[in-house]
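Colleague: Please read through the structure below; I'll follow up with questions.
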Amino acid sequence: MSIIEIIVLALVQGLTEFLPISSSAHLILPSQILGWVDQGTAFDVAVHVGTLLAVVIYFRKEVGDILGAWFKSFGQQGKTDDSQLGWWIIIATLPSLVIGYLVKDYVEVYSRNAWIIATTTVVFGVLLWYADAKAKQMKTIYQINWLSALLIGLSQVVAMVFPGTSRSGITMTVGLLLGLNKQSAARFSFLMSIPVIAAAGSYYIYKLSSSDEVINWNAILLGAVLSFLAAYVCIHFFLKVIERMGMFPFVVYRLLLGAGLFAFLLW
């Protein structure tokens with residue numbers, strides 16, 4: 001990988017992991033359009049670690065409160081809003097861990113192509129617009145129940161199977177359709193990303209340990225740092241943007257990106 005490829009791919013991963021525009025699509029497209037070689041397992045690990053650290057550090061207070069309350073719920077303290085939220089995050093994560101593991105080989109072979117990305121970019125962009133414009137957004141993050149958590153978790157599997165859907169995009173869309181307000185839908189999506197990204201990173205580390213891939217440690221360090229910085233800044237400004245403008249800017253971006261992809265493919 002050239003220094004330009006390292007910088008571009010790390011920034012793309014960091015900026016798009018938590019935006020409703022699909023990080024996997026943006027990471028696949030350079031190889032489809034520009035002919036860049038696959039970035040390799042080690043680099044995937046690095047950028048995933050960077051984005052994981054960003055979301056954990058940004059939501060460190062929430063993460064600490066939820067973990068503390070969840071462990072204490074097994075003792076005398078009993079159930080609290082934070083401990084309950086911890087259970088809902090676990091429930092939301094399980095479909096991705098189970099189904100994602102079962103379909104990972106199918107996804108790597110059949111789903112990673114530009115036609116699927118273009119289609120899902122447009123389709124789920126329209127669905128995001130509908131949820132943002134029409135759904136009753138009255139519930140807070142503490143009003144999620146087990147069924148809502150499961151449905152949001154199942155929607156995450158769709159993003160794993162069909163690149164271009166956007167993990168954050170589809171989980172926020174379903175959250176909005178279930179009545180969550182924008183901030184709560186976004187925060188639950190971010191919090192439930194922590195175990196998912198951690199699991200993906202662990203899987204990549206396992207693949208790396210069983211491969212003969214030569215590791216470029218300079219690329220690894222640069223990729224991790226850049227993806228961390230980009231993701232941290234992205235989370236901060238995204239929460240401010242949706243409070244003022246909703247999801248509309250991201251809907252427009254998805255539709256323009258999808259139209260551009262179709263034009264490129266048909267050219």
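Colleague: When you look at S184, is it among the hydroxyl-bearing types (S, T, Y) and more than 13 Å from the chain's Cα centre (by Cα), yes or no?
Modeller: Spelling it out, S184 is indeed among the hydroxyl-bearing types (S, T, Y) and more than 13 Å from the chain's Cα centre (by Cα).
Colleague: Still on this structure: Restricting to segment 179-217, and then to whatever is in contact with a strand residue (DSSP E or B) (Cβ under 8 Å, 6 or more places away or on another chain), of a type outside the set (S, T, N, Q) and outside any helix (DSSP H, G or I), can you tell me which residue is surrounded by the fewest Cβ atoms within 10 Å (Cβ to Cβ)?
Modeller: G179
Colleague: Continuing with this model, one more query. Identify all residues within segment 116-142 that are more than 17 Å from G258 (Cα to Cα), in a helix (DSSP H, G or I) and either open to solvent by less than 10 Å² (accessible area, probe 1.4 Å) or touching a strand residue (DSSP E or B) at 6+ places or on another chain (Cβ under 8 Å) (or both); write none if there are none.
Modeller: A131, I141
Colleague: Report whether or not P249 is open to solvent by less than 50 Å² (accessible area, probe 1.4 Å), within 20 Å of H26 (Cβ to Cβ) and not in a helix (DSSP H, G or I).
Modeller: Judged against the criteria, P249 is not a match.
Colleague: So, of the residues in segment 165-178 that are of a type outside the set (S, T, Y) and assigned to a helix (DSSP H, G or I), which turns out to be most open to solvent (accessible area, probe 1.4 Å)?
Modeller: Once the filter is applied, the top-ranked residue is L177.
Colleague: Among the listed residues L154, L147, identify the single one that is without any contact (Cβ under 8 Å) to a residue 12 or more places away in the chain and surrounded by fewer than 21 Cβ atoms within 10 Å (Cβ to Cβ).
Modeller: Only one candidate qualifies: L147.
Colleague: For segment 234-246, name all the residues that are closer than 20 Å to E17 by Cβ and either crowded, with 16+ Cβ neighbours inside 10 Å or among the aliphatic types (A, V, I, L, M) (or both).
Modeller: C234, I235, F238, L239, V241, I242
Colleague: Can you tell me how many residues within segment 116-129 are of a type outside the set (A, V, I, L, M) and either free of Cβ contacts under 8 Å to residues at least 12 places away in the same chain or farther than 18 Å from P249 by Cβ (or both)?
Modeller: Residues meeting the conditions: 2.
The values are calculated or read from the model by the stated rules, or taken from the named source; none is laboratory data. In this text the structure is predicted, and so the values were computed from the model without any measurement. Note that each Cβ is placed from the backbone with ideal geometry, even for glycine, and that neighbours are counted across all protein chains shown. To get the accessible areas, we keep the full protein, side chains included, count just its heavy atoms, and leave off ligands, DNA and RNA. Shrake-Rupley method; radii C 1.70, N 1.55, O 1.52, S 1.80 Å.
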